[in-house]
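Please treat every number below as a calculation from the coordinates, not as lab data. Everything numeric here is computed off the predicted structure, so don't read it as measured data. So basically every Cβ, Gly included, is an ideal-geometry build from the backbone, and we count neighbours across all protein chains shown.
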Amino acid sequence: MARKSSIDMLPPEFRDALHELLRDPAVTQIEAAQRLNEMLAAEGRDERVSKSSVNRYSQRMDAIGEKMRQSRQIAEMWIGKLGNQPQGQVGKLLNEFTRTMAFETALHMSEDEEPVHPKLLKELSLAIKHLEEAASVNEKREREIRQAFAAEAAATAETAARAAGLTADSVARIKQQILGIA
């Protein structure tokens, strides 16, 4: 695996300070590196960050932020479109997003020159297993809801048909059609 960046190895309070500096449009990356190094020195720490490490870190955070913004936009668009749909449709969409991310992660890991750590493989496998279980539970729940709805519709139709004076055979045929019984 790649070596951790000097910024990733910083204590969280210094990374948080860097994040604040990078979010400030009035602060350049060079100034952010200088200020962070001053903070580290003031605390008596030996670590220092280079301008290039701040630049790489900023680019990586920008890329992650862009992916998150795109994901949110896509989710908002689809959830907006599916807003009037059953909740199961949104769940299916989120499952598909997660399945795609798992695939992309596996693909990225397979392209790396370093062997994949067994723990990562286990976690990825578990994530896929959980996704498939969730999809199965969702499908079963959807089937049960449809069956309950059909049974309720059949009972209502039966009551209405009897009240309208239909024969028992006609009522039975209507009920079978609603329930999908051959």
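Structure notes:
- Test: Thr105 is in contact with a helix residue (DSSP H, G or I) (Cβ under 9 Å, 6 or more places away or on another chain), under 30 Å from Ile64 (Cα atoms) and of a type in the set (S, T, N, Q): yes
- Restricting attention to segment 156-181, the residues that are touching a helix residue (DSSP H, G or I) at 6+ places or on another chain (Cβ under 8 Å) and either assigned to a helix (DSSP H, G or I) or among the small types (Gly, Ala, Ser) (or both) add up to 11.
- The test for being under 30 Å from Pro118 (Cβ atoms) and either surrounded by 14 or more Cβ atoms within 10 Å (Cβ to Cβ) or out of contact with any Asp or Glu (no Cβ under 6 Å at 6 or more places or on another chain) (or both) holds for Arg3.
- Residue satisfying all of: in segment 38-77; of a type in the set (Gly, Ala, Ser) and surrounded by 12 or more Cβ atoms within 10 Å (Cβ to Cβ); nearest to Thr28 (Cα to Cα) among these: Ser58
- Test: residue in segment 124-141 that is among the acidic types (Asp, Glu), part of a helix (DSSP H, G or I) and over 30 Å from Met109 (Cβ atoms): no
- Residue in segment 40-60 that is closer than 30 Å to Thr100 by Cα, among the hydroxyl-bearing types (Ser, Thr, Tyr) and in contact (Cβ under 8 Å) with a residue 40 or more places away in the chain present: yes
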